[in-house]
Each structure stands twice: as C-alpha cells, then as structure tokens.
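Structure, as structure tokens:
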Amino acid sequence: MGSTQGKYNIKAVSNMLGIQPGTLRAWERRYKMIRPNRNEAGHRLYTDEHIKILKWLIDKVNRGFTISQAVSILENNQNHLASTEQNESVQQDQIESFSEEILEALLSFNEQEAHKKLDYVFSIFSPEKVAIEIIGPSLVKIGQLWEENQITSAHEHFATNFLRSRIGMMLISLPTDQLLPKAICVCGPNEKHELGLLIFTLFLKRKGYDVIYLGQSIAPSDVDVIIEEVEPKFLFMSCTMKKNIPVTVDLAKALQDTFPNLKIGLGGYAYDMLPEEEKQRIEPFIVGGSKEEWEKWLANVL
C-alpha cells in the first residue's frame with residue numbers, strides 16, 4: 001500500500017492523527033496493515049496513502065470497533081477508500097441504493113439483513129453521513145408510507161425501533177470531552193418522534209460534547225429543573241409536527257428570559273417546512289437540517 005514517496009516521520013503522524021507512536025508501532029507489528037519504508041537512519045517514513053488508511057482505522061476504533069475488527073473490515077473491503085473518493089454524483093447514487101436496500105430489509109422484517117447492510121455502510125462512510133443521508137431519509141420515507149397507508153403500524157414500529165436502537169448503541173459507546181460544554185437534547189412539547197433528535201445528538205457526541213439526551217417531550221416545568229441542576233450551555237429541542245411549533249417557540253423564548261446565558265437551538269422536520277417569512281421570525285433559534293448548517297450555528301453562538 002502507498003506507492004508515493006514517504007515524507008512523514010512517526011512523530012509527525014502521531015501529532016496529525018492523535019495516536020501514540022507506541023500504539024502505531026504495535027498496530028504495524030501485529031496487523032501489518034501498512035508497511036512504511038525507512039530512511040538511511042532507520043526511521044519510518046509514512047506516505048499520504050498510509051495516513052489515509054490510518055485515519056480510516058482510527059475512525060473505526062473511535063466508533064467502538066476493536067483494531068482487529070477494523071483491520072478485518074479493511075482487508076475484506078479493499079476498495080473502501082476508493083469508494084469514498086468517488087465523485088459526488090456517483091457516491092450519492094450509492095447512498096440512495098444503500099438506503100433503499102436497508103428500507104426493503106426493514107419493511108420485510110428482516111432484522112439480520114438490515115444489520116448486515118448497516119454494518120457495511122458504517123464501514124465505508126462516517127457515522128454522520130450514514131445518519132443524515134441514509135437513516136434520516138429512510139425515516140422520512142417510512143413515515144410517508146405509513147401516512148399513505150402503504151405499510152402497517154407494525155412495519156412502522158419495527159423499522160423505527162430498529163433504527164433508534166442502532167443510533168442508541170452508537171451514542172452509548174462514544175466518549176465525551178470534559179472541556180467541551182454540556183448540552184441537553186429533548187423533543188419539544190407534545191412531540192413523540194425522537195429519531196431526528198437522536199441523529200443530531202449523535203452529531204454532538206461525535207464532536208465530543210457531553211450530551212444529556214432526554215428523548216420525548218417532558219413537562220415544561222421539568223425542563224427548568226434540569227437546566228438549573230445541570231447548568232448546560234446548550235438546549236436543543238426538536239419538532240416534527242408543525243402544530244407543535246408555536247408552543248415550542250414560546251417555551252424557548254420563556255427559557256431564554258429565565259436563563260439568558262443559555263444557547264437554545266430548535267430543529268426538526270417541521271421547521272424545514274416553514275415558509276421563509278415564518279422562519280425569519282425565529283431565525284436565531286433555527287439550527288438547520290444538515291451537518292453544515294449545524295456546524296455554522298454552533299460556530300456563530302460560541
């Protein structure tokens with residue numbers, strides 16, 4: 001692997017990737033996933049291709065895989081790096097195809113096949129990409145099919161519970177950075193659909209935030225209590241039903257008056273459907289519906 005000339009020593013790689021030199025040497029010795037050349041002094045020199053592979057492996061380890069599992073995935077999917085470097089249109093076709101296959105497995109109550117396909121897409125794409133571009137659209141499609149009476153409530157419950165479980169397992173395994181601010185994530189008043197909020201929570205946890213996930217809506221008075229107890233920097237509330245937006249916005253404004261230093265963000269499918277004029281009236285609260293919009297919102301309030 002790595003046909004280009006080596007140019008990074010082990011100290012540089014350690015600093016770039018946040019991995020200890022001893023760990024890196026142990027990985028190479030035991031798993032032989034890369035073979036850096038050595039200079040005249042006998043020091044390892046890593047290529048850009050080596051860096052790419054190591055980044056991929058570290059990402060898998062950070063998401064709960066053991067290094068042996070990550071290396072096994074690497075060996076079984078030799079084209080994984082090439083697939084992630086394809087042009088956007090080809091990659092988007094891939095994502096849509098994966099989404100359809102996972103949805104088909106879920107609506108057939110084929111849990112084993114759904115796990116298998118999700119395991120594979122998590123091995124070649126980042127967790128955020130899978131959550132936002134595959135799981136998210138699948139959830140929307142499931143909701144639409146149920147509303148149109150094309151699937152039963154049993155199909156809807158099985159599919160959403162499966163996806164909720166997969167994201168939940170990822171949240172539990174992710175570490176937090178104690179130097180980053182705390183955040184509370186909860187559905188807005190009367191809201192029961194929490195999977196969109198789970199995806200956003202995954203995004204925050206992947207960035208290292210210490211997130212307290214509350215899920216479905218709780219009594220407004222209880223929100224005050226937990227804010228006073230936890231003292232978070234952020235409160236995020238989601239809304240998937242347009243009829244719940246007014247009461248959620250009223251709660252956000254009331255909490256902002258009570259806790260002026262609290263940064264409050266609102267997101268969810270319902271806000272995406274609002275006319276621009278209505279969005280502008282609550283614009284400071286709107287977090288957005290994509291990773292890029294979430295990053296921008298956080299950057300603006302920090």
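The values are calculated or read from the model by the stated rules, or taken from the named source; none is laboratory data. All values reported here derive from a predicted model rather than from experimental measurement. Here Cβ is always computed from backbone atoms with ideal geometry, including for glycine, and neighbour counts include all displayed protein chains.
Right, Lys291: touching a residue at least 60 places away in the same chain (Cβ under 8 Å), assigned by TED's automatic domain parsing to the domain that holds Gly188, surrounded by 14 or more Cβ atoms within 10 Å (Cβ to Cβ) and charged (D, E, K, R) or not?
Taking the combined requirement at face value, the residue satisfies it.
Report yes if some residue within the range 262-281 is touching a Pro at 6+ places or on another chain (Cβ under 8 Å) and not assigned by TED's automatic domain parsing to the domain that holds Ile142; otherwise report no.
The answer is yes; a qualifying residue exists.
Go through the range 184-216 and report how many residues are assigned to a loop (DSSP other than H, G, I, E, B) and among the aromatic types (Phe, Trp, Tyr).
Going through the range 184-216 one residue at a time, the tally reaches 1.
Only one of (1) within 24 Å of Gly136 (Cα to Cα); (2) surrounded by fewer than 18 Cβ atoms within 10 Å (Cβ to Cβ) is not met by Ala219, so which one is it?
Result: Ala219 passes all but (1).
Only one of Leu174, Leu179, Leu198 is among the hydrophobic types (A, V, I, L, M, F, W, C), modelled with pLDDT under 80 and touching a Lys or Arg at 6+ places or on another chain (Cβ under 7 Å); which?
Only one candidate qualifies: Leu174.
Scan the range 125-144 for residues that are surrounded by fewer than 19 Cβ atoms within 10 Å (Cβ to Cβ), of a type outside the set (Lys, Arg), touching a residue at least 12 places away in the same chain (Cβ under 8 Å) and part of a helix (DSSP H, G or I) and jot them down.
Matches in the range 125-144: Glu128, Pro137, Val140, Gly143.
Take the conditions more than 20 Å from Pro137 (Cα to Cα) and either of a type in the set (Val, Ile, Thr) or surrounded by 19 or more Cβ atoms within 10 Å (Cβ to Cβ) (or both) and apply them to Ile227. Does it pass?
Criteria met by Ile227.
Go through the range 210-249 and give me each residue that's closer than 26 Å to Pro175 by Cα and among the basic types (Lys, Arg).
Result: Lys233, single match.
Given the criterion outside the structural domain of Arg164 (by TED's automatic domain parsing) and modelled with pLDDT of 80 or more, identify the matching residue among Val71, Val130.
So the residue among Val71, Val130 that is outside the structural domain of Arg164 (by TED's automatic domain parsing) and modelled with pLDDT of 80 or more is Val71.
Against the condition surrounded by fewer than 21 Cβ atoms within 10 Å (Cβ to Cβ) and more than 16 Å from Ile286 (Cα to Cα), how does Pro189 come out, does it pass?
Yes: the conditions hold for Pro189.
Can you name every residue in the range 1-55 that is among the aliphatic types (A, V, I, L, M), within 16 Å of Ala70 (Cβ to Cβ) and assigned to a loop (DSSP other than H, G, I, E, B)?
Of everything in the range 1-55, those that are among the aliphatic types (A, V, I, L, M), within 16 Å of Ala70 (Cβ to Cβ) and assigned to a loop (DSSP other than H, G, I, E, B) turn out to be Met1, Ile19, Met33, Ile34.
If a residue has to be surrounded by 18 or more Cβ atoms within 10 Å (Cβ to Cβ) and either more than 27 Å from Asn244 (Cα to Cα) or in the same structural domain as His157 (by TED's automatic domain parsing) (or both) to count, how many in the range 172-186 make the cut?
Of the residues in that region, 1 qualify.
Within the range 93-146, how many residues are closer than 26 Å to Val71 by Cα, of a type in the set (Asp, Glu) and under 19 Å from the mean Cα position of the chain (by Cα)?
The number of residues fulfilling the criteria is 3.
Taking the range 74-92 as the region of interest, how many residues are modelled with pLDDT of 65 or more and under 20 Å from the mean Cα position of the chain (by Cα)?
2
Which of the residues that make up the range 275-287 are surrounded by fewer than 16 Cβ atoms within 10 Å (Cβ to Cβ) and not charged (D, E, K, R)?
Those that are surrounded by fewer than 16 Cβ atoms within 10 Å (Cβ to Cβ) and not charged (D, E, K, R): Pro275, Gln280, Pro284.
Which condition breaks for Ala114 when tested against (1) among the small types (Gly, Ala, Ser); (2) surrounded by 15 or more Cβ atoms within 10 Å (Cβ to Cβ); (3) modelled with pLDDT under 90?
Looking at each condition in turn, Ala114 falls short on (3).
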